[in-house]
Amino acid sequence: MDVPILGTAWGGESGDFTMNGETGAFARRPPRYEGRADVFALYVQGNSMEPRYFAGELILVEKRRPPQNGDNVVVELHPSPDGTCEAFLKVLVARTPTKLRLRQYNPAKEIEIDLTKVGQVLRVLNTVDLLGI
């Protein structure tokens with residue numbers, strides 16, 4: 001039980017939530033990720049990623065492996081003056097020289113974010129990653 005669950009998730013129509021970087025609790029670490037300090041967890045709130053992710057579900061995120069098109073990602077924007085970071089749980093569609101194109105499921109739509117606003121794009125671990133199948 002040593003994977004930090006970071007911040008507080010607030011749902012909204014856009015599917016956004018806020019990470020404040022503070023550890024509120026800990027989740028069980030999958031054996032494959034022993035010793036990896038770059039893995040953390042978040043609770044999903046809101047319904048923009050249903051039916052893939054539901055409100056209350058815990059996801060594990062890694063910083064080490066760069067996401068590829070088609071991966072589920074957490075896109076963290078640059079911090080606000082109070083230190084919180086707006087972030088989005090979406091599917092990475094494409095990265096252009098100036099934009100990040102993302103997709104959500106509910107309602108189905110694509111959104112674009114200017115890369116100058118993006119702090120980091122982090123890959124959400126899937127079942128194969130976690131179980132090593």
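The values are calculated or read from the model by the stated rules, or taken from the named source; none is laboratory data. All values derive from a computational prediction rather than experimental measurement. Using ideal geometry, Cβ is built from the backbone for each residue, glycine included, and neighbour counts are taken over all protein chains shown.
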One residue is enough: does region 87-110 have a residue meeting the conditions among the hydrophobic types (A, V, I, L, M, F, W, C), over 15 Å from the mean Cα position of the chain (by Cα) and surrounded by fewer than 18 Cβ atoms within 10 Å (Cβ to Cβ)?
yes
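How many residues does region 64-82 contain that are touching a strand residue (DSSP E or B) at 6+ places or on another chain (Cβ under 6 Å), part of a loop (DSSP other than H, G, I, E, B) and either over 18 Å from E110 (Cβ atoms) or of a type in the set (S, T, N, Q) (or both)?
4
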Considering only residues that are at positive phi and surrounded by 15 or more Cβ atoms within 10 Å (Cβ to Cβ), which ones fall in region 41-57?
G46
Find all pairs meeting these conditions: Cβ atoms under 7 angstrom apart; at least six residues apart or on different chains; first residue within region 60-89 and at pLDDT below 95; second residue of a type in the set (V, I, T) and assigned to a loop (DSSP other than H, G, I, E, B).
L89/V44
I'd like the full set of residues that are part of a loop (DSSP other than H, G, I, E, B) and either within 16 Å of N126 (Cα to Cα) or of a type in the set (V, I, T) (or both), limited to region 37-52.
D38, V44, M49, E50, P51, R52
